[in-house]
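The block underneath contains the structure these notes are about, expressed in structure tokens.
The values are calculated or read from the model by the stated rules, or taken from the named source; none is laboratory data. Quantities reported herein were computed from a predicted structural model and do not represent experimental measurements. Methodologically, a virtual Cβ is constructed for each residue, glycine included, from the backbone with ideal geometry; neighbour enumeration extends over all protein chains shown.
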Amino acid sequence: MYKRILLKLSGEALKGETSYGIDPKTVNEIAEQIKDAKQLGVEIGIVVGGGNIWRGKTAEGLGMDRAQADYMGMLATIMNGLAVQDALEQHGVPTRVMTAIDCDKVAEPYIRRRAIRHLEKGRVVIFVGGLGSPYFSTDTACVLRATEIEAEVVLMAKNHTEGVYDSDPRKNPDAKLFTEITFSEILEKNLQVMDSTAASLCKDNKKPLIVFNMNKRGNIVKAVQGDKIGTLVKVE
């Protein structure tokens, strides 16, 4: 079983079956799964996306300044992080939210050594605000934080997707699910698991990645225990 993990939650995962925003029922179900994993004794860091509220890249395509749009996306991740924190603490799980951009009324500033200390004390740490700089995705923030806190693995929880496919399973019913694949293959085949910067960071820092369907109850626990679910993306 892993001792310290970094869980990536997409913003889309928090909206449930709704078209936009945060669905409290879905967030509560996610919190229950995280609590189950925490009870195994694993140290858990979480990076949340903001796509359920705002996407900087989409706004850029509509003519908005990319940097401005990305900063708005960072604020969206803070809102999501606070929602996850509230749900976890309602289940009795001590939680800290740490942000890469100044927002001291609602979250602590991100300081690496303090984050590690929170983990050692048994608190779940939610990293928000991306990297605090535009042009970087929350996937990149996820891998960088995982490396900084010395997490053993990155768990990428997907919404209604079993893992990594050779093509989009929503468009191609014959898409092949990989049980194992390397980061080099992901980059060479341009598989849209995460952006190329994040994939390169994983590869360079020898950080394995497990991509799995978070909508199946118990999958987070299975991933933490090292069970074979979804797709294992490994370093050569």
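Some points to look at:
- Those residues of the stretch 71-121 which are β-branched (V, I, T) and in a helix (DSSP H, G or I), in sequence order: T77, I78, V84, I116
- Residues in the stretch 209-236 that are closer than 21 Å to K38 by Cβ, in contact (Cβ under 8 Å) with a residue 12 or more places away in the chain and part of a loop (DSSP other than H, G, I, E, B): M214, N215, R217, G218, G226, I229, G230.
- Qualifying position, being hydrophobic (A, V, I, L, M, F, W, C) and out of contact with any Gly (no Cβ under 6 Å at 6 or more places or on another chain), among A37, A76, A69, A100: A37
- In the stretch 17-37, the qualifying residues are those that are surrounded by fewer than 19 Cβ atoms within 10 Å (Cβ to Cβ) and of a type in the set (G, A, S), and the one that is nearest to D139 (Cα to Cα) is G21.
- When the stretch 1-16 is filtered for residues that are part of a loop (DSSP other than H, G, I, E, B), surrounded by 14 or more Cβ atoms within 10 Å (Cβ to Cβ) and not basic (K, R), the ones remaining, listed by number, are Y2, S10, G16.
- Restricting the stretch 41-57 to residues that are in contact with a strand residue (DSSP E or B) (Cβ under 7 Å, 6 or more places away or on another chain) and not in a loop (DSSP other than H, G, I, E, B), the residue that is farthest from V143 (Cα to Cα) is E43.
- Selection count, the stretch 189-199, where residues are surrounded by fewer than 17 Cβ atoms within 10 Å (Cβ to Cβ) and either in contact with a Cys (Cβ under 6 Å, 6 or more places away or on another chain) or in a helix (DSSP H, G or I) (or both): 3
- Filtered by the rule that a residue be modelled with pLDDT of 95 or more, on the phi < 0 side of the Ramachandran plot and surrounded by fewer than 17 Cβ atoms within 10 Å (Cβ to Cβ), the stretch 149-172 gives a lone residue, E152.
- Within this structure, R112 passes the test of being under 18 Å from I5 (Cβ atoms), surrounded by fewer than 19 Cβ atoms within 10 Å (Cβ to Cβ) and in contact (Cβ under 8 Å) with a residue 24 or more places away in the chain.
- Filter result (part of a loop (DSSP other than H, G, I, E, B) and among the aromatic types (F, W, Y)) within the stretch 123-175: Y135, F136
- Of all residues in the stretch 116-130, exactly one satisfies the criterion of being surrounded by fewer than 24 Cβ atoms within 10 Å (Cβ to Cβ) and among the small types (G, A, S), namely G122.
- The one condition from (1) surrounded by fewer than 17 Cβ atoms within 10 Å (Cβ to Cβ); (2) in contact (Cβ under 8 Å) with a residue 24 or more places away in the chain; (3) more than 18 Å from V154 (Cβ to Cβ); (4) not charged (D, E, K, R) that L40 does not meet is (3).
- If you filter the stretch 58-70 down to residues that are surrounded by 14 or more Cβ atoms within 10 Å (Cβ to Cβ) and part of a helix (DSSP H, G or I), you find that the one that is nearest to the chain's Cα centre (by Cα) is D70.
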